[in-house]
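Read the structure below first, then the notes.
The values are calculated or read from the model by the stated rules, or taken from the named source; none is laboratory data. This structure is a prediction, so every number in the text was calculated from the model and none was measured. Don't worry about glycine lacking a Cβ; one is built from the backbone with ideal geometry, like all the others, and counts go over all protein chains shown. With ligands, DNA and RNA removed, areas are computed over all heavy atoms of the protein, side chains included. Shrake-Rupley method; radii C 1.70, N 1.55, O 1.52, S 1.80 Å.
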Amino acid sequence: METDLPTLLTQSQSKKRMEREKAISQIDRTLQTCDATETSLSDIHRYVSEKLNSDLLSETWEATHGLLLLIGMLTKLGKISSSIVELYIAKYNTLILSKEVAVRNETAKLLEVLTRTDGNECFSKLQETVLSQAEHYYSISTLHEDPQTANSSFSPKRDSASDVLSDALTWKYLESYLESIRYVAKGCNESIQGPAEFDIFVTSRLMDLIQKTSRHSNRFVRESSFNIISFIVQKPSPEQSAAVDTLRTCMKWRD
């Protein structure tokens, strides 16, 4: 017997990941069948909007993760509403700074799906937030580094628990902002419009940031940085010569 839509929406926020994914998969199938009605889609849109408009910090991370999976599913089906996209943009910074890595990852991945289907319009509205926050967390994460080891791939020794916690609370957010950029680049690369959609984001400011983060003491931050550059140089435009120069500089540093 088919589960009714309200029950499926509730299950999409279950504490068990398998139940969340199963519920969303069933909603996906329902929306693709002849049984799907405008009322069903309207109910889902209303549910998602109400959740995004609520205090996400008061929700369990599992519920927020399920909500992001639901938004991603709607976007892939081409059944997302512009009002939900705007709400996601408004809540992006809250979501990407979640303490739970699954929420941060899904928040960043959603940018890929939105970019692949709608071009660069979504990230155009988030670009300043992402860059300024990435610069902020890069600055914080290097505060305690010895200037003589700032360009080294080895982290300075940090003994106290507070030092370790401080490091974790900064580099993981920096990585999440960089991953957002990477997913946008990936989405542009796979969009109908093509990789050129990402050209408008390849600025001297971005490349200056990437050149710094590619030398970060944390390997996850460095990896995200090089992944962004790899997308940029796949099909570089004449305007992207700075990106190619940055890649060469970074590769020389790695050698």
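What pairs come out if I take residues in the range 94-118 that are touching a residue at least 40 places away in the same chain (Cβ under 8 Å) and open to solvent by less than 10 Å² (accessible area, probe 1.4 Å) and pair them with residues that are outside any helix (DSSP H, G or I) and among the hydroxyl-bearing types (Ser, Thr, Tyr) whose C-beta lies under 7 Å away, six or more apart or interchain? Pairs found: Thr115/Ser191. Suppose we keep only residues that are of a type in the set (Lys, Arg) and open to solvent by 90 Å² or more (accessible area, probe 1.4 Å) within the range 17-51. Which one would you say is nearest to Tyr88 (Cα to Cα)? Out of the qualifying residues, it is Arg46. For the range 52-76, a residue qualifies if it is open to solvent by 50 Å² or more (accessible area, probe 1.4 Å) and within 22 Å of Asn105 (Cβ to Cβ), and the qualifying residues are Asp55, Leu57, Ser58, Glu59, Thr60, Trp61, Lys76. One residue alone among Tyr88, Tyr47 is under 23 Å from Pro6 (Cα atoms), touching a helix residue (DSSP H, G or I) at 6+ places or on another chain (Cβ under 6 Å) and either free of Cβ contacts under 8 Å to residues at least 24 places away in the same chain or not β-branched (Val, Ile, Thr) (or both), and that residue is Tyr47. For the range 198-210, the tally of residues that are closer than 14 Å to Ile181 by Cα, in contact (Cβ under 8 Å) with a residue 12 or more places away in the chain and open to solvent by 40 Å² or more (accessible area, probe 1.4 Å) stands at 3. Quick one: would you say His136 is open to solvent by 10 Å² or more (accessible area, probe 1.4 Å) and either modelled with pLDDT under 90 or not in a helix (DSSP H, G or I) (or both)? When the stated conditions are applied, His136 does not pass them. Would you say Ser14 is farther than 15 Å from Ala102 by Cα, open to solvent by less than 30 Å² (accessible area, probe 1.4 Å) and touching a residue at least 12 places away in the same chain (Cβ under 8 Å)? Answer is no for this residue. The sole residue among Ser124, Ser83 that is open to solvent by 10 Å² or more (accessible area, probe 1.4 Å) and without any contact (Cβ under 8 Å) to a residue 60 or more places away in the chain is Ser83.
Is it true that some residue in the range 65-76 is at pLDDT 90 or above, of a type outside the set (Gly, Ala, Ser) and either farther than 21 Å from Cys122 by Cα or over 22 Å from the mean Cα position of the chain (by Cα) (or both)? No, that holds for no residue. Taking the criterion of being of a type outside the set (S, T, N, Q), at pLDDT 55 or above and either in a loop (DSSP other than H, G, I, E, B) or under 30 Å from Lys79 (Cβ atoms) (or both), would at least one residue in the range 146-161 satisfy it? Checking the range 146-161: not a single residue is of a type outside the set (S, T, N, Q), at pLDDT 55 or above and either in a loop (DSSP other than H, G, I, E, B) or under 30 Å from Lys79 (Cβ atoms) (or both).
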